[in-house]
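The values are calculated or read from the model by the stated rules, or taken from the named source; none is laboratory data. All values reported here derive from a predicted model rather than from experimental measurement. Because the Cβ atoms are built from the backbone with ideal geometry, glycine has one as well, and the counts that use them run over all protein chains shown.
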(Lines give C-alpha, C1' and ligand atoms only; values in the text may rest on other atoms or scores of the structure.)
Protein backbone atom coordinates (compact mmCIF):
# COMPACT_ATOMS: atom_id res chain seq x y z
CA UNK A 1 0.00 0.00 0.00
CA UNK A 2 1.29 3.52 -0.74
CA UNK A 3 2.21 5.77 2.17
CA UNK A 4 1.76 9.47 2.96
CA UNK A 5 3.98 11.83 0.97
CA UNK A 6 5.73 14.64 2.85
CA UNK A 7 5.59 17.85 0.80
CA UNK A 8 6.68 21.19 2.31
CA UNK A 9 6.31 19.87 5.87
CA UNK A 10 2.75 18.65 5.26
CA UNK A 11 1.67 15.11 4.53
CA UNK A 12 -0.39 14.32 1.45
CA UNK A 13 -2.21 11.44 -0.11
CA UNK A 14 -0.73 11.09 -3.59
CA UNK A 15 -1.87 8.07 -5.59
CA UNK A 16 -1.75 7.38 -9.32
CA UNK A 17 -4.99 6.67 -11.15
CA UNK A 18 -5.23 2.96 -12.10
CA UNK A 19 -4.44 2.27 -15.76
CA UNK A 20 -7.92 0.95 -16.54
CA UNK A 21 -9.45 4.25 -15.36
CA UNK A 22 -7.10 6.70 -17.08
CA UNK A 23 -9.69 7.41 -19.77
CA UNK A 24 -12.53 8.27 -17.38
CA UNK A 25 -11.07 9.40 -14.03
CA UNK A 26 -9.01 12.51 -14.92
CA UNK A 27 -11.06 15.66 -14.50
CA UNK A 28 -13.61 14.04 -12.21
CA UNK A 29 -14.14 15.30 -8.66
CA UNK A 30 -13.71 12.70 -5.94
CA UNK A 31 -14.75 13.13 -2.30
CA UNK A 32 -12.47 11.61 0.34
CA UNK A 33 -12.53 11.79 4.16
CA UNK A 34 -9.69 13.53 5.99
CA UNK A 35 -9.98 13.08 9.74
CA UNK A 36 -13.72 12.52 9.33
CA UNK A 37 -14.30 15.57 7.14
CA UNK A 38 -15.13 14.89 3.50
CA UNK A 39 -13.07 16.94 1.06
CA UNK A 40 -13.29 17.34 -2.71
CA UNK A 41 -10.30 16.70 -4.95
CA UNK A 42 -10.09 16.69 -8.75
CA UNK A 43 -8.32 13.71 -10.26
CA UNK A 44 -5.61 14.10 -12.87
CA UNK A 45 -3.19 11.35 -13.75
CA UNK A 46 -2.93 11.09 -9.96
CA UNK A 47 -5.00 12.11 -6.95
CA UNK A 48 -3.31 14.52 -4.54
CA UNK A 49 -4.97 15.63 -1.30
CA UNK A 50 -3.56 17.33 1.81
CA UNK A 51 -3.98 15.28 4.99
CA UNK A 52 -3.91 18.55 6.97
CA UNK A 53 -1.19 17.42 9.38
CA UNK A 54 2.59 17.43 9.81
CA UNK A 55 2.55 14.59 12.36
CA UNK A 56 3.72 11.32 10.81
CA UNK A 57 1.66 9.02 13.03
CA UNK A 58 -1.51 11.03 12.50
CA UNK A 59 -0.78 11.21 8.78
CA UNK A 60 -0.69 7.40 8.54
CA UNK A 61 -4.10 7.14 10.22
CA UNK A 62 -5.65 9.78 7.98
CA UNK A 63 -4.01 8.30 4.90
CA UNK A 64 -5.47 4.87 5.65
CA UNK A 65 -8.97 6.34 5.93
CA UNK A 66 -8.70 8.37 2.72
CA UNK A 67 -6.97 5.60 0.76
CA UNK A 68 -9.73 3.10 1.61
CA UNK A 69 -12.35 5.57 0.37
CA UNK A 70 -10.32 6.18 -2.79
CA UNK A 71 -10.33 2.45 -3.52
CA UNK A 72 -14.10 2.46 -3.19
CA UNK A 73 -14.28 5.43 -5.56
CA UNK A 74 -12.27 3.47 -8.15
CA UNK A 75 -14.65 0.55 -7.72
CA UNK A 76 -17.68 2.78 -8.22
CA UNK A 77 -16.17 4.15 -11.45
CA UNK A 78 -15.65 0.61 -12.74
CA UNK A 79 -19.23 -0.42 -12.02
CA UNK A 80 -22.37 0.15 -14.04
CA UNK A 81 -24.19 3.22 -12.61
CA UNK A 82 -26.84 2.15 -10.12
CA UNK A 83 -30.46 2.61 -11.15
CA UNK A 84 -31.80 3.95 -7.87
CA UNK A 85 -35.49 3.62 -7.17
CA UNK A 86 -37.60 6.55 -6.01
CA UNK A 87 -37.57 5.04 -2.52
CA UNK A 88 -33.79 4.65 -2.46
CA UNK A 89 -33.25 8.26 -3.54
CA UNK A 90 -35.62 9.48 -0.82
CA UNK A 91 -33.74 7.34 1.68
CA UNK A 92 -30.41 8.93 0.72
CA UNK A 93 -31.96 12.39 1.00
CA UNK A 94 -33.35 11.42 4.40
CA UNK A 95 -29.90 10.42 5.65
CA UNK A 96 -28.52 13.81 4.63
CA UNK A 97 -31.43 15.50 6.40
CA UNK A 98 -30.86 13.45 9.57
CA UNK A 99 -27.17 14.39 9.59
CA UNK A 100 -28.05 18.11 9.50
CA UNK A 101 -30.66 17.77 12.23
CA UNK A 102 -28.30 15.80 14.47
CA UNK A 103 -25.31 18.08 13.90
CA UNK A 104 -27.19 21.17 15.09
CA UNK A 105 -29.26 19.61 17.86
CA UNK A 106 -27.29 21.01 20.81
CA UNK A 107 -26.36 24.34 19.23
CA UNK A 108 -28.90 25.11 16.49
CA UNK A 109 -27.60 28.57 15.67
CA UNK A 110 -29.95 31.48 15.04
CA UNK A 111 -33.37 31.93 13.51
CA UNK A 112 -31.85 34.40 11.09
CA UNK A 113 -29.30 31.86 9.91
CA UNK A 114 -31.87 29.16 9.12
CA UNK A 115 -34.22 31.67 7.54
CA UNK A 116 -31.34 32.62 5.27
CA UNK A 117 -30.67 28.95 4.51
CA UNK A 118 -34.29 28.47 3.42
CA UNK A 119 -34.11 31.56 1.22
CA UNK A 120 -30.86 30.44 -0.44
CA UNK A 121 -32.23 26.92 -0.92
CA UNK A 122 -35.31 28.37 -2.59
CA UNK A 123 -33.22 30.58 -4.87
CA UNK A 124 -31.17 27.59 -5.98
CA UNK A 125 -34.25 25.53 -6.84
CA UNK A 126 -35.51 28.28 -9.16
CA UNK A 127 -32.10 29.12 -10.62
CA UNK A 128 -31.89 32.51 -8.93
CA UNK A 129 -28.80 32.19 -6.74
CA UNK A 130 -27.01 34.97 -8.61
CA UNK A 131 -28.94 38.22 -7.96
CA UNK A 132 -27.29 39.80 -11.02
CA UNK A 133 -28.71 37.21 -13.42
CA UNK A 134 -32.27 36.55 -14.50
CA UNK A 135 -33.30 32.98 -13.57
CA UNK A 136 -33.80 30.74 -16.60
CA UNK A 137 -34.27 26.99 -17.11
CA UNK A 138 -30.54 26.87 -17.84
CA UNK A 139 -29.53 28.38 -14.48
CA UNK A 140 -31.55 25.90 -12.41
CA UNK A 141 -29.29 22.83 -12.84
CA UNK A 142 -26.19 24.98 -12.30
CA UNK A 143 -27.51 26.51 -9.08
CA UNK A 144 -28.82 23.15 -7.84
CA UNK A 145 -25.42 21.59 -8.43
CA UNK A 146 -23.55 24.40 -6.68
CA UNK A 147 -25.90 24.39 -3.70
CA UNK A 148 -26.55 20.68 -3.17
CA UNK A 149 -24.12 18.77 -5.40
CA UNK A 150 -21.42 18.22 -2.78
CA UNK A 151 -23.94 16.68 -0.36
CA UNK A 152 -24.99 14.22 -3.06
CA UNK A 153 -21.38 13.41 -3.96
CA UNK A 154 -20.40 12.73 -0.36
CA UNK A 155 -23.43 10.53 0.29
CA UNK A 156 -22.81 8.54 -2.90
CA UNK A 157 -19.15 8.16 -1.92
CA UNK A 158 -20.17 6.89 1.52
CA UNK A 159 -22.46 4.32 -0.13
CA UNK A 160 -19.89 3.44 -2.85
CA UNK A 161 -22.39 4.34 -5.55
CA UNK A 162 -22.38 6.01 -8.92
CA UNK A 163 -25.59 7.04 -10.64
CA UNK A 164 -26.53 8.01 -14.16
CA UNK A 165 -26.58 11.67 -15.26
CA UNK A 166 -30.33 11.30 -15.80
CA UNK A 167 -30.96 10.42 -12.15
CA UNK A 168 -28.72 13.08 -10.64
CA UNK A 169 -31.16 16.03 -11.08
CA UNK A 170 -33.91 13.96 -9.45
CA UNK A 171 -31.71 13.12 -6.46
CA UNK A 172 -30.63 16.77 -6.19
CA UNK A 173 -34.28 17.80 -5.98
CA UNK A 174 -34.99 15.28 -3.21
CA UNK A 175 -31.92 16.44 -1.29
CA UNK A 176 -33.03 20.07 -1.66
CA UNK A 177 -36.42 19.20 -0.18
CA UNK A 178 -34.82 17.17 2.61
CA UNK A 179 -32.47 20.02 3.54
CA UNK A 180 -35.46 22.37 3.65
CA UNK A 181 -37.05 19.93 6.10
CA UNK A 182 -33.89 19.97 8.21
CA UNK A 183 -33.73 23.77 8.13
CA UNK A 184 -37.34 24.05 9.32
CA UNK A 185 -36.59 21.75 12.29
CA UNK A 186 -33.38 23.60 13.15
CA UNK A 187 -35.08 26.98 12.80
CA UNK A 188 -37.70 25.94 15.34
CA UNK A 189 -34.98 24.76 17.73
CA UNK A 190 -33.09 28.02 17.28
CA UNK A 191 -36.34 29.77 18.23
CA UNK A 192 -36.53 27.71 21.42
CA UNK A 193 -39.01 25.10 20.18
CA UNK A 194 -37.75 21.53 20.61
CA UNK A 195 -41.22 19.97 20.34
CA UNK A 196 -40.16 18.54 16.98
CA UNK A 197 -37.05 16.51 17.72
CA UNK A 198 -36.49 15.96 14.04
CA UNK A 199 -37.41 12.29 14.14
CA UNK A 200 -39.63 11.42 11.20
CA UNK A 201 -41.03 8.40 9.39
CA UNK A 202 -41.25 10.39 6.16
CA UNK A 203 -38.01 9.02 4.76
CA UNK A 204 -37.50 5.25 4.35
CA UNK A 205 -34.40 3.35 5.39
CA UNK A 206 -31.86 2.90 2.64
CA UNK A 207 -31.73 -0.61 1.21
CA UNK A 208 -28.28 -1.20 -0.30
CA UNK A 209 -28.06 -1.52 -4.05
CA UNK A 210 -26.93 -4.99 -5.22
CA UNK A 211 -23.35 -4.93 -6.43
CA UNK A 212 -23.14 -4.02 -10.09
CA UNK A 213 -20.90 -5.94 -12.44
CA UNK A 214 -18.04 -4.03 -14.08
CA UNK A 215 -18.83 -2.27 -17.31
CA UNK A 216 -18.28 -4.77 -20.13
CA UNK A 217 -20.73 -3.42 -22.71
CA UNK A 218 -22.38 -0.20 -23.75
CA UNK A 219 -24.38 1.02 -20.69
CA UNK A 220 -26.50 3.27 -22.91
CA UNK A 221 -27.68 0.25 -24.87
CA UNK A 222 -28.54 -1.62 -21.66
CA UNK A 223 -30.44 1.36 -20.25
CA UNK A 224 -32.38 1.78 -23.48
CA UNK A 225 -33.93 -1.67 -23.11
CA UNK A 226 -35.27 -0.99 -19.60
CA UNK A 227 -38.74 0.54 -19.46
CA UNK A 228 -39.59 0.98 -15.79
CA UNK A 229 -42.22 3.02 -14.02
CA UNK A 230 -39.43 5.33 -12.88
CA UNK A 231 -38.05 5.81 -16.39
CA UNK A 232 -41.52 6.43 -17.84
CA UNK A 233 -42.29 9.14 -15.27
CA UNK A 234 -38.85 10.71 -15.67
CA UNK A 235 -39.34 10.84 -19.44
CA UNK A 236 -42.78 12.43 -19.09
CA UNK A 237 -41.37 15.06 -16.73
CA UNK A 238 -38.63 15.78 -19.28
CA UNK A 239 -41.12 16.09 -22.13
CA UNK A 240 -43.37 18.44 -20.19
CA UNK A 241 -40.41 20.73 -19.42
CA UNK A 242 -38.95 20.68 -22.93
CA UNK A 243 -38.94 23.76 -25.13
CA UNK A 244 -38.65 27.48 -24.58
CA UNK A 245 -42.10 27.79 -23.02
CA UNK A 246 -42.61 24.25 -21.73
CA UNK A 247 -44.99 23.67 -18.85
CA UNK A 248 -43.10 21.73 -16.13
CA UNK A 249 -45.06 19.25 -14.09
CA UNK A 250 -45.61 20.31 -10.47
CA UNK A 251 -43.49 18.44 -7.91
CA UNK A 252 -46.61 17.42 -6.03
CA UNK A 253 -48.06 15.97 -9.24
CA UNK A 254 -44.86 14.07 -10.03
CA UNK A 255 -44.77 12.66 -6.51
CA UNK A 256 -48.40 11.57 -6.86
CA UNK A 257 -47.57 9.41 -9.87
CA UNK A 258 -44.34 8.13 -8.33
CA UNK A 259 -46.20 7.14 -5.17
CA UNK A 260 -48.81 5.13 -7.06
CA UNK A 261 -46.21 3.41 -9.25
CA UNK A 262 -44.01 2.65 -6.24
CA UNK A 263 -46.93 1.11 -4.33
CA UNK A 264 -47.74 -1.13 -7.29
CA UNK A 265 -44.06 -2.02 -7.77
CA UNK A 266 -43.75 -3.15 -4.16
CA UNK A 267 -46.95 -5.21 -4.47
CA UNK A 268 -45.91 -7.06 -7.64
CA UNK A 269 -42.17 -7.13 -6.89
CA UNK A 270 -41.09 -5.60 -10.20
CA UNK A 271 -40.51 -2.15 -11.68
CA UNK A 272 -40.95 -3.46 -15.24
CA UNK A 273 -43.58 -1.28 -16.92
CA UNK A 274 -43.91 -3.44 -20.04
CA UNK A 275 -45.71 -6.50 -18.68
CA UNK A 276 -48.48 -5.14 -16.45
CA UNK A 277 -51.74 -7.08 -16.60
CA UNK A 278 -55.26 -6.10 -15.60
CA UNK A 279 -55.35 -9.02 -13.17
CA UNK A 280 -52.23 -7.74 -11.37
CA UNK A 281 -53.78 -4.30 -11.01
CA UNK A 282 -57.06 -5.74 -9.75
CA UNK A 283 -55.20 -7.92 -7.24
CA UNK A 284 -53.42 -4.78 -6.01
CA UNK A 285 -56.78 -3.04 -5.64
CA UNK A 286 -58.19 -5.95 -3.64
CA UNK A 287 -55.10 -6.03 -1.41
CA UNK A 288 -55.46 -2.31 -0.60
CA UNK A 289 -59.16 -2.79 0.16
CA UNK A 290 -58.42 -5.68 2.52
CA UNK A 291 -55.69 -3.72 4.29
CA UNK A 292 -58.16 -0.93 5.01
CA UNK A 293 -55.51 1.77 5.43
CA UNK A 294 -56.62 3.92 2.49
CA UNK A 295 -60.07 5.24 1.69
CA UNK A 296 -61.80 3.81 -1.35
CA UNK A 297 -61.46 7.20 -3.03
CA UNK A 298 -57.69 7.16 -2.44
CA UNK A 299 -57.48 3.65 -3.92
CA UNK A 300 -59.40 4.87 -6.95
CA UNK A 301 -56.95 7.75 -7.36
CA UNK A 302 -53.96 5.38 -7.18
CA UNK A 303 -55.43 3.18 -9.89
CA UNK A 304 -56.06 6.23 -12.06
CA UNK A 305 -52.50 7.45 -11.51
CA UNK A 306 -51.06 4.05 -12.43
CA UNK A 307 -53.26 4.00 -15.55
CA UNK A 308 -51.86 7.41 -16.53
CA UNK A 309 -48.27 6.17 -16.17
CA UNK A 310 -49.01 3.20 -18.43
CA UNK A 311 -50.68 5.53 -20.92
CA UNK A 312 -47.49 7.60 -21.00
CA UNK A 313 -45.54 4.39 -21.69
CA UNK A 314 -47.85 3.69 -24.65
CA UNK A 315 -47.34 7.20 -26.01
CA UNK A 316 -43.56 7.11 -25.57
CA UNK A 317 -43.41 3.83 -27.54
CA UNK A 318 -45.76 5.12 -30.26
CA UNK A 319 -48.27 2.42 -29.38
CA UNK A 320 -45.83 -0.50 -29.47
CA UNK A 321 -46.43 -1.14 -25.77
CA UNK A 322 -49.96 -2.27 -24.89
CA UNK A 323 -51.02 -2.04 -28.52
CA UNK A 324 -54.43 -3.56 -27.69
CA UNK A 325 -55.18 -0.98 -24.99
CA UNK A 326 -54.29 0.14 -21.48
CA UNK A 327 -54.67 -2.84 -19.09
CA UNK A 328 -56.11 -0.54 -16.40
CA UNK A 329 -59.07 0.29 -18.65
CA UNK A 330 -60.83 -2.92 -17.58
CA UNK A 331 -60.09 -2.59 -13.85
CA UNK A 332 -63.17 -1.24 -12.11
CA UNK A 333 -62.35 1.25 -9.34
CA UNK A 334 -63.98 0.74 -5.94
CA UNK A 335 -67.17 2.58 -5.09
CA UNK A 336 -67.05 5.11 -2.25
CA UNK A 337 -69.25 7.50 -0.34
CA UNK A 338 -68.59 11.13 -1.11
CA UNK A 339 -68.34 13.80 1.56
CA UNK A 340 -70.82 16.61 0.99
CA UNK A 341 -69.29 19.98 0.19
CA UNK A 342 -70.89 21.62 3.21
CA UNK A 343 -69.32 19.00 5.50
CA UNK A 344 -65.84 19.92 4.26
CA UNK A 345 -66.52 23.65 4.60
CA UNK A 346 -65.90 25.76 7.70
CA UNK A 347 -68.97 26.75 9.64
CA UNK A 348 -69.12 30.44 10.49
CA UNK A 349 -68.27 29.65 14.11
CA UNK A 350 -65.27 27.55 13.05
CA UNK A 351 -64.09 30.29 10.71
CA UNK A 352 -64.31 32.86 13.50
CA UNK A 353 -62.38 30.56 15.85
CA UNK A 354 -59.53 30.07 13.39
CA UNK A 355 -59.26 33.73 12.36
CA UNK A 356 -59.23 34.90 15.96
CA UNK A 357 -56.59 32.31 16.84
CA UNK A 358 -54.52 33.38 13.82
CA UNK A 359 -54.63 36.99 14.98
CA UNK A 360 -52.64 35.98 18.07
CA UNK A 361 -49.94 34.14 16.10
CA UNK A 362 -46.43 35.42 15.41
CA UNK A 363 -45.33 32.88 12.81
CA UNK A 364 -46.18 34.25 9.33
CA UNK A 365 -47.77 31.04 8.08
CA UNK A 366 -50.29 30.66 10.92
CA UNK A 367 -50.82 34.43 11.22
CA UNK A 368 -51.61 35.20 7.59
CA UNK A 369 -52.38 32.11 5.52
CA UNK A 370 -55.80 31.45 7.13
CA UNK A 371 -56.75 35.10 6.52
CA UNK A 372 -55.51 35.09 2.93
CA UNK A 373 -57.45 31.89 2.20
CA UNK A 374 -60.58 33.17 3.94
CA UNK A 375 -60.67 36.32 1.82
CA UNK A 376 -59.69 34.87 -1.56
CA UNK A 377 -60.82 31.26 -1.73
CA UNK A 378 -57.32 30.46 -2.98
CA UNK A 379 -55.74 27.06 -2.55
CA UNK A 380 -53.37 27.29 0.40
CA UNK A 381 -50.38 26.08 -1.62
CA UNK A 382 -50.97 28.99 -4.03
CA UNK A 383 -50.81 31.77 -1.42
CA UNK A 384 -48.08 29.96 0.54
CA UNK A 385 -45.71 30.68 -2.37
CA UNK A 386 -46.29 34.44 -2.34
CA UNK A 387 -43.40 36.88 -2.21
CA UNK A 388 -43.46 40.64 -1.58
CA UNK A 389 -42.79 41.25 -5.29
CA UNK A 390 -46.15 39.62 -6.12
CA UNK A 391 -48.08 42.48 -4.44
CA UNK A 392 -48.76 45.76 -6.24
CA UNK A 393 -51.02 48.82 -6.02
CA UNK A 394 -53.22 50.18 -8.80
CA UNK A 395 -54.89 53.50 -7.99
CA UNK A 396 -56.26 53.00 -4.46
CA UNK A 397 -56.50 49.22 -4.62
CA UNK A 398 -53.99 46.51 -3.75
CA UNK A 399 -53.60 43.21 -5.58
CA UNK A 400 -51.38 40.15 -5.59
CA UNK A 401 -50.41 38.00 -8.52
CA UNK A 402 -50.61 34.21 -8.36
CA UNK A 403 -48.16 33.09 -11.02
CA UNK A 404 -45.81 30.28 -12.00
CA UNK A 405 -42.85 32.61 -12.51
CA UNK A 406 -39.91 32.26 -10.15
CA UNK A 407 -40.35 28.51 -9.76
CA UNK A 408 -43.84 28.70 -8.25
CA UNK A 409 -46.43 26.10 -9.22
CA UNK A 410 -50.19 26.28 -9.73
CA UNK A 411 -52.81 23.65 -10.45
CA UNK A 412 -53.57 24.62 -14.07
CA UNK A 413 -53.52 27.54 -16.50
CA UNK A 414 -56.72 29.09 -15.06
CA UNK A 415 -55.02 29.21 -11.66
CA UNK A 416 -52.71 32.03 -12.82
CA UNK A 417 -54.52 35.22 -11.85
CA UNK A 418 -54.49 38.58 -10.07
CA UNK A 419 -56.45 38.70 -6.81
CA UNK A 420 -57.65 41.93 -5.15
CA UNK A 421 -56.66 42.34 -1.52
CA UNK A 422 -59.87 42.36 0.52
CA UNK A 423 -60.38 45.46 2.73
CA UNK A 424 -60.44 43.22 5.83
CA UNK A 425 -56.87 42.10 5.11
CA UNK A 426 -55.71 45.70 4.87
CA UNK A 427 -57.43 46.59 8.13
CA UNK A 428 -55.90 43.49 9.68
CA UNK A 429 -52.40 44.84 8.92
CA UNK A 430 -51.30 42.83 5.89
CA UNK A 431 -49.60 45.85 4.32
CA UNK A 432 -47.62 46.44 7.52
CA UNK A 433 -46.50 42.80 7.37
CA UNK A 434 -45.35 43.29 3.77
CA UNK A 435 -43.63 46.55 4.71
CA UNK A 436 -41.12 44.62 6.79
CA UNK A 437 -39.59 43.34 3.54
CA UNK A 438 -37.56 45.36 1.01
CA UNK A 439 -39.60 46.51 -2.01
CA UNK A 440 -39.79 43.88 -4.76
CA UNK A 441 -38.13 41.31 -2.49
CA UNK A 442 -37.89 37.78 -3.91
CA UNK A 443 -37.89 36.22 -0.43
CA UNK A 444 -40.72 33.84 0.33
CA UNK A 445 -43.22 35.21 2.84
CA UNK A 446 -43.91 31.73 4.20
CA UNK A 447 -41.77 28.65 4.84
CA UNK A 448 -41.90 25.82 2.24
CA UNK A 449 -43.78 23.51 4.63
CA UNK A 450 -46.48 26.08 5.43
CA UNK A 451 -49.38 24.00 4.09
CA UNK A 452 -48.70 21.12 6.46
CA UNK A 453 -47.86 23.48 9.33
CA UNK A 454 -51.21 25.30 9.06
CA UNK A 455 -53.17 22.05 8.86
CA UNK A 456 -51.46 20.72 11.99
CA UNK A 457 -52.02 24.02 13.76
CA UNK A 458 -55.76 24.03 13.00
CA UNK A 459 -56.15 20.44 14.20
CA UNK A 460 -53.76 20.34 17.15
CA UNK A 461 -53.58 23.91 18.49
CA UNK A 462 -56.87 25.51 17.51
CA UNK A 463 -58.58 22.21 18.24
CA UNK A 464 -60.91 21.80 15.25
CA UNK A 465 -61.06 18.02 15.05
CA UNK A 466 -64.27 17.55 13.03
CA UNK A 467 -63.42 14.63 10.78
CA UNK A 468 -64.89 15.87 7.49
CA UNK A 469 -63.55 19.43 7.78
CA UNK A 470 -60.82 20.25 5.27
CA UNK A 471 -58.59 22.66 7.28
CA UNK A 472 -57.21 24.39 4.18
CA UNK A 473 -59.66 23.67 1.36
CA UNK A 474 -62.61 24.48 3.61
CA UNK A 475 -61.91 28.20 3.15
CA UNK A 476 -62.39 27.81 -0.59
CA UNK A 477 -65.95 26.55 -0.23
CA UNK A 478 -66.79 29.13 2.42
CA UNK A 479 -65.48 32.03 0.33
CA UNK A 480 -67.58 30.98 -2.65
CA UNK A 481 -70.69 30.85 -0.45
CA UNK A 482 -69.95 34.30 1.00
CA UNK A 483 -69.44 35.63 -2.54
CA UNK A 484 -72.97 34.52 -3.40
CA UNK A 485 -74.34 36.25 -0.31
CA UNK A 486 -72.59 39.49 -1.31
CA UNK A 487 -73.81 39.36 -4.90
CA UNK A 488 -70.41 38.84 -6.51
CA UNK A 489 -70.79 37.97 -10.19
CA UNK A 490 -70.20 34.37 -11.27
CA UNK A 491 -67.42 35.45 -13.64
CA UNK A 492 -65.58 37.39 -10.92
CA UNK A 493 -66.00 34.58 -8.39
CA UNK A 494 -64.65 31.99 -10.82
CA UNK A 495 -61.70 34.20 -11.76
CA UNK A 496 -60.76 35.16 -8.19
CA UNK A 497 -60.83 31.54 -7.03
CA UNK A 498 -59.11 30.20 -10.15
CA UNK A 499 -61.97 27.87 -11.03
CA UNK A 500 -61.94 26.27 -14.47
CA UNK A 501 -65.38 26.80 -16.03
CA UNK A 502 -64.67 25.30 -19.43
CA UNK A 503 -65.68 28.53 -21.19
CA UNK A 504 -63.53 29.91 -23.99
CA UNK A 505 -63.46 33.29 -22.23
CA UNK A 506 -60.98 31.86 -19.73
CA UNK A 507 -58.19 32.40 -22.23
CA UNK A 508 -58.94 36.06 -22.94
CA UNK A 509 -58.39 39.38 -21.22
CA UNK A 510 -57.04 39.45 -17.68
CA UNK A 511 -55.33 42.78 -18.35
CA UNK A 512 -55.08 45.74 -15.97
CA UNK A 513 -58.26 47.14 -17.52
CA UNK A 514 -60.38 44.68 -15.57
CA UNK A 515 -58.67 45.14 -12.19
CA UNK A 516 -60.66 48.14 -10.86
CA UNK A 517 -63.90 46.30 -11.56
CA UNK A 518 -62.50 43.17 -9.96
CA UNK A 519 -61.62 45.15 -6.83
CA UNK A 520 -65.20 46.48 -6.76
CA UNK A 521 -66.43 42.89 -6.84
CA UNK A 522 -64.11 41.94 -3.98
CA UNK A 523 -65.50 44.79 -1.87
CA UNK A 524 -68.90 43.13 -2.15
CA UNK A 525 -67.61 40.09 -0.25
CA UNK A 526 -68.98 40.45 3.30
CA UNK A 527 -66.56 40.37 6.21
CA UNK A 528 -66.65 37.36 8.49
CA UNK A 529 -67.89 38.81 11.81
CA UNK A 530 -65.52 38.09 14.68
CA UNK A 531 -66.33 37.90 18.37
CA UNK A 532 -63.62 40.25 19.62
CA UNK A 533 -62.28 43.56 18.44
CA UNK A 534 -59.13 43.84 16.40
CA UNK A 535 -56.04 44.56 18.46
CA UNK A 536 -55.03 48.19 18.37
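Among the residues of region 446-468, which ones are closer than 20 Å to residue 359 by Cβ and modelled with pLDDT under 85? Passing the criteria: none in range. Being free of Cβ contacts under 8 Å to residues at least 60 places away in the same chain, crowded, with 17+ Cβ neighbours inside 10 Å and either more than 19 Å from residue 167 (Cβ to Cβ) or not assigned by TED's automatic domain parsing to the domain that holds residue 442 (or both): is that true of residue 90 here? It is false that residue 90 is free of Cβ contacts under 8 Å to residues at least 60 places away in the same chain, crowded, with 17+ Cβ neighbours inside 10 Å and either more than 19 Å from residue 167 (Cβ to Cβ) or not assigned by TED's automatic domain parsing to the domain that holds residue 442 (or both). Taking region 78-104 as the search range and keeping residues that are over 18 Å from residue 202 (Cβ atoms) and out of contact with any strand residue (DSSP E or B) (no Cβ under 9 Å at 6 or more places or on another chain), which one is modelled with the highest pLDDT? It comes out as 104.
Answer yes or no as to whether residue 499 is at pLDDT 90 or above and either crowded, with 17+ Cβ neighbours inside 10 Å or under 29 Å from the mean Cα position of the chain (by Cα) (or both). No: the conditions fail for residue 499.
Each row is one residue, and each column tells you yes or no for (1) under 38 Å from the mean Cα position of the chain (by Cα); (2) modelled with pLDDT under 90.
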site: 20; (1), (2): no, yes
site: 42; (1), (2): yes, no
site: 49; (1), (2): yes, no
site: 69; (1), (2): yes, yes
site: 76; (1), (2): yes, yes
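Checking 305, 395 one by one, the residue that is touching a helix residue (DSSP H, G or I) at 6+ places or on another chain (Cβ under 7 Å) and surrounded by fewer than 19 Cβ atoms within 10 Å (Cβ to Cβ) is 395 and no other. Number of residues in region 132-187 that are touching a strand residue (DSSP E or B) at 6+ places or on another chain (Cβ under 8 Å), farther than 25 Å from residue 259 by Cβ and in a loop (DSSP other than H, G, I, E, B) equals 1. Of all the listed residues (225, 277), the sole one being out of contact with any strand residue (DSSP E or B) (no Cβ under 8 Å at 6 or more places or on another chain), under 29 Å from residue 304 (Cβ atoms) and at pLDDT below 85 is 225. Tell me, yes or no, whether region 352-374 has at least one residue that is more than 30 Å from residue 418 (Cβ to Cβ), touching a residue at least 24 places away in the same chain (Cβ under 8 Å) and either surrounded by fewer than 19 Cβ atoms within 10 Å (Cβ to Cβ) or not assigned by TED's automatic domain parsing to the domain that holds residue 466 (or both). Checking region 352-374: at least one residue is more than 30 Å from residue 418 (Cβ to Cβ), touching a residue at least 24 places away in the same chain (Cβ under 8 Å) and either surrounded by fewer than 19 Cβ atoms within 10 Å (Cβ to Cβ) or not assigned by TED's automatic domain parsing to the domain that holds residue 466 (or both).
Provide a single number: the residues in region 315-366 that are part of a helix (DSSP H, G or I) and either at pLDDT below 90 or touching a strand residue (DSSP E or B) at 6+ places or on another chain (Cβ under 7 Å) (or both).
Within region 315-366, the subset part of a helix (DSSP H, G or I) is 315-316, 327-330, 341-344, 348-359, 364-366.
So of that shortlist, the ones also either at pLDDT below 90 or touching a strand residue (DSSP E or B) at 6+ places or on another chain (Cβ under 7 Å) (or both) come out as 341-344.
So the answer is 4.
When 299, 266 are screened for being over 27 Å from residue 403 (Cβ atoms), surrounded by 13 or more Cβ atoms within 10 Å (Cβ to Cβ) and either at pLDDT below 90 or not assigned by TED's automatic domain parsing to the domain that holds residue 204 (or both), only 266 passes.
From the list 68, 40, 56, the one residue that fits, being over 24 Å from residue 151 (Cβ atoms) and surrounded by fewer than 17 Cβ atoms within 10 Å (Cβ to Cβ), is 56.
Of the numbered criteria (1) farther than 30 Å from residue 205 by Cβ; (2) within 37 Å of the chain's Cα centre (by Cα); (3) in contact (Cβ under 8 Å) with a residue 40 or more places away in the chain, the one residue 26 fails is (3).
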